[in-house]
Amino acid sequence: MWRRTWPLGVLLLATACGTANVGGDATACTAIGALVGVSVDVEHPDVVSGTIEVCWDDRCSTPALELRPSTKAGETTCTGTAPDDSCSARLEPTGGVQGFAAVQDLPAEQVTATLRLLDQSGSLLVDRHITLHPEMVYPNGPDCPAGGPQAGISVDPHGAVSER
């Protein structure tokens, strides 16, 4: 019986392998994930802490929002212009803060958020409700599965809040 069925097995195996790289355009999708939630970028110089509440349907979530100093790439130095040469840059503080609030089960649909930002003494500097539109992110590119929805909020130096 094996003598009659093994050619069929080889044919099925060869056919299955051939479909994995149709046209030579195989995409490698890794197991990399993406955090689900809301990022907050604050340029207001006096903000040191904050809270966020995110609501959709009949549900609200109040995740932790830890704000850390923001940085940007500063002066760049290079050892040359050849492909084997190297470059470096120092990180410089921007004067702002940034954070990410992980929101379990955040939908990829409209939500509302309440952002409250405080100064060093605990005084309220920003208290705003904002509509957000979380979108799916694709950490491996658009040809791989989505990692989950994310939204973003920006706060300018004067305290104006907008969706990013």
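The values are calculated or read from the model by the stated rules, or taken from the named source; none is laboratory data. If you're wondering where the values come from, they're calculated on a predicted model, not measured in any experiment. Because the Cβ atoms are built from the backbone with ideal geometry, glycine has one as well, and the counts that use them run over all protein chains shown.
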Inset, instruction - Look through region 109-124, keep the residues that are charged (D, E, K, R) and surrounded by 13 or more Cβ atoms within 10 Å (Cβ to Cβ), and return whichever of them is nearest to LEU35 (Cα to Cα). - result: ARG116
Inset, instruction - Kindly provide the set of residues from region 138-164 that are in a strand (DSSP E or B) and more than 13 Å from the chain's Cα centre (by Cα), ordered by number. - result: SER154, VAL155, VAL161, SER162, GLU163
Legend entry - Residue match in region 86-97 (condition: closer than 22 Å to GLY37 by Cβ, touching a strand residue (DSSP E or B) at 6+ places or on another chain (Cβ under 6 Å) and among the basic types (Lys, Arg)): no
Legend entry - Top-ranked residue in region 148-164 [being under 15 Å from LEU124 (Cα atoms) and among the aliphatic types (A, V, I, L, M); ranked as surrounded by the most Cβ atoms within 10 Å (Cβ to Cβ)]: VAL155
Legend entry - In region 66-108, residue surrounded by the fewest Cβ atoms within 10 Å (Cβ to Cβ) [restricted to those that are in a loop (DSSP other than H, G, I, E, B) and of a type in the set (Val, Ile, Thr)]: THR81
Inset, instruction - Determine which single condition THR5 fails, assuming it passes every other condition in (1) surrounded by 10 or more Cβ atoms within 10 Å (Cβ to Cβ); (2) modelled with pLDDT under 95; (3) among the β-branched types (Val, Ile, Thr). - result: (1)
Inset, instruction - Please state which of the following conditions PRO142 fails to meet, knowing it meets all the rest: (1) surrounded by 16 or more Cβ atoms within 10 Å (Cβ to Cβ); (2) out of contact with any Phe, Trp or Tyr (no Cβ under 8 Å at 6 or more places or on another chain); (3) over 18 Å from LEU67 (Cα atoms). - result: (1)
Inset, instruction - Mind listing just one residue for me: the one in region 13-41 that is surrounded by fewer than 10 Cβ atoms within 10 Å (Cβ to Cβ) and among the β-branched types (Val, Ile, Thr) and, of those, modelled with the lowest pLDDT? - result: THR19
Legend entry - Residue check for ALA64: hydrophobic (A, V, I, L, M, F, W, C) and either at pLDDT 90 or above or touching a Ser or Thr at 6+ places or on another chain (Cβ under 7 Å) (or both): yes
Legend entry - When residues of region 123-137 are limited to those that are free of Cβ contacts under 8 Å to residues at least 40 places away in the same chain and not in a strand (DSSP E or B), the one farthest from ARG68 (Cα to Cα): HIS133
